[in-house]
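Quick one: the structure is below, questions incoming.
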Amino acid sequence: MQDQVIIETFQTVEWKDFPNAPGVQYVDVEGSISSPGPFLARVRFPGGIDTPPHTHKAPFIDRNTVISGTLYVGIGDTFDKSEGIAVPPGGVVAIPPGVSHFAWSEEETVVHVHGEGPWIAAA
């Protein structure tokens, strides 16, 4: 991928349904979230969605940059909105493998997720 030029304005992309996350959609920008190797994906959360506590397996570090909306993120095994932090556009979240975390959105929120795939959620 190092020899590939990518220029994407997201005006005409085809969103795909995110596996096991009803209402969440994504677009692979570079690489693929489901394949080994580096990737960049744009993920769109509808307003009012809750992502329950979960972890990711190595090598995936959950790296997110908020593009629009607000992503709320909490650390821990219990979904508790009083423990969440609001991450506005331009904000960054990086969560190491094995760290339990949860998230939610109150409005449509778009983030870029980047890292080493495959992106595997562990129960």
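Bear in mind that the values in this text are calculations on the coordinates, not laboratory data. Everything numeric here is computed off the predicted structure, so don't read it as measured data. Because the Cβ atoms are built from the backbone with ideal geometry, glycine has one as well, and the counts that use them run over all protein chains shown.
Taking just the alpha-carbon atoms of segment 57-101, what radius of gyration and Dmax come out, in angstrom?
Every Cα atom of segment 57-101 included, Rg and Dmax give 11.0, 30 Å.
Please give the contour-minus-distance gain from residue 7 to residue 20: 0.36 nm per residue of separation, less the Cα-Cα distance, rounded to one decimal in nm. Show your work: numbers first, answer last.
Values: separation 13, 0.36 × 13 = 4.68 nm, distance 2.90 nm.
Result: 1.8 nm gained on full extension.
On to the next question. Could you list which residues have their amide H under 5 Å from that of residue 117, counting only those 5 or more apart in sequence or on another chain, with H placed in the peptide plane?
Here the answer is 37, 39, since their amide H atoms fall under 5 Å of that of residue 117.
Around residue 29, which amide H atoms from residues at least 5 apart in sequence, or from another chain, sit under 5 Å from its own amide H, with H modelled in the peptide plane?
Close amide H contacts, sequence-distant or interchain: 40, 41, 42.
Expressed as a rounded percentage, what relative contact order does segment 56-123 have, with Cα pairs under 8 Å and six or more residues apart? Before the final figure, lay out each step's value.
Details: 145 pairs, mean separation 33.7, N = 68.
Relative contact order, segment 56-123: 50 percent.
Per-residue HN-Hα couplings for segment 56-71, Karplus 6.51 cos²θ - 1.76 cosθ + 1.60 at θ = phi - 60°, whole Hz, x for Gly and Pro?
Using θ = phi - 60°, the values come out as 10, 7, 4, x, 6, 9, 6, 9, 10, 10, 6, 9, 8, x, 9, 9 Hz.
Connecting C-alpha atoms closer than 10 Å in a GNM of the chain, tell me which of 53, 22, 96 has the biggest fluctuation.
Highest fluctuation among the options: 22.
Continuing with this model, one more query. Show me the ranking of peptides 10-16, 86-92 by mean Cβ neighbours inside 10 Å, starting with the highest.
On the way: 10-16: 9.9, 86-92: 13.0.
By packing density, highest mean first, the sequence is 86-92, 10-16.
How high is the relative contact order of the chain? Use alpha-carbon pairs under 8 Å, at least six apart in sequence, and give a whole percent. Could you put the intermediate results ahead of the total?
Details: 306 pairs, mean separation 39.4, N = 123.
About 32 percent, as a whole number.
Next question. Determine how many Å³ per residue the convex hull of the Cα atoms of the chain encloses. Can you show the working numbers first?
On the way: hull volume 12.7 nm³, N = 123.
Here the figure is 103 Å³ per residue.
Next question, about the same structure. In sequence order, what are the phi-derived ³J(HN,Hα) couplings for segment 101-116 according to the Karplus relation 6.51 cos²θ - 1.76 cosθ + 1.60 with θ = phi - 60°, rounded to whole Hz, with x for glycine and proline?
8, 9, 8, 7, 9, 9, 9, 4, 9, 10, 10, 9, 10, 9, x, 9
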